[in-house]
Amino acid sequence: MLQAADMSRHASAFASRTTAKARLPLDFSAASLRIVDRVVDGLRQGAGDPAGVAPILQELGAYVGEVLVRQARARWVDFDGVTSELFRQPVGVRTPDGQAWNPLGKVVNRFKLGPDESVYELFLLVPRRAKPLPLSQPATDSRRLTAA
């Protein structure tokens with residue numbers, strides 16, 4: 001079973017292996033996610049059943065998640081039961097603003113549904129810096145309440 005603690009190592013090993021073997025420039029950049037989209041499209045044309053390519057989809061999803069970790073300051077998390085059921089994945093990433101993202105599921109969706117489910121576009125949706133917490137400031141309303 002996938003666990004958050006193993007995902008960075010898993011993604012790095014996949015990228016190294018794939019870069020050396022297939023000469024794909026998987027360098028953990030945003031641009032490399034366009035390559036992931038094309039690889040998934042190629043798998044989609046060659047295989048009709050996601051179960052037949054599930055291991056490679058999982059590795060591609062781990063890679064996508066690691067790009068989010070490195071580029072958007074996200075972190076790998078083990079999903080709780082409700083989130084895992086919703087996303088149909090045991091792990092994902094959480095960005096500094098607290099949002100959970102499902103890169104493994106996004107890759108599966110790209111395979112099942114096609115180009116409308118782009119992992120590159122997912123990256124564009126993810127905030128890349130933490131939103132600052134609002135500071136406690138006095139009200140800026142210039143009207144004053146007076147006792148009658």
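The values are calculated or read from the model by the stated rules, or taken from the named source; none is laboratory data. Every value quoted in this text rests on a predicted model; they were computed, and no experiment measured them. For neighbour counting, all protein chains shown are included, and Cβ atoms are generated from backbone atoms with ideal geometry for every residue, glycine included. Just the protein is used for accessible areas: all its heavy atoms, side chains included, with ligands, DNA and RNA removed. Shrake-Rupley method; radii C 1.70, N 1.55, O 1.52, S 1.80 Å.
Points to keep in mind about this one:
- Just one of the listed residues (68, 113, 124) is of a type in the set (A, V, I, L, M, F, W, C), under 22 Å from residue 37 (Cα atoms) and buried (at least 18 other Cβ atoms within 10 Å of the Cβ), and it is 68.
- Residue match in region 16-25 (condition: surrounded by 15 or more Cβ atoms within 10 Å (Cβ to Cβ) and farther than 19 Å from residue 118 by Cβ): yes
- Total residues in region 27-49, condition of a type in the set (A, V, I, L, M, F, W, C), assigned to a helix (DSSP H, G or I) and open to solvent by 30 Å² or more (accessible area, probe 1.4 Å): 2
- Annotation note: of 92, 52, 61, the sole residue that is in a helix (DSSP H, G or I), buried (at least 20 other Cβ atoms within 10 Å of the Cβ) and not β-branched (Val, Ile, Thr) is 61.
- So residue 52, is it over 17 Å from the mean Cα position of the chain (by Cα), at negative phi and small (Gly, Ala, Ser): yes
- All positions within region 1-26 that are within 16 Å of the chain's Cα centre (by Cα), among the hydrophobic types (A, V, I, L, M, F, W, C) and assigned to a loop (DSSP other than H, G, I, E, B): 2, 26
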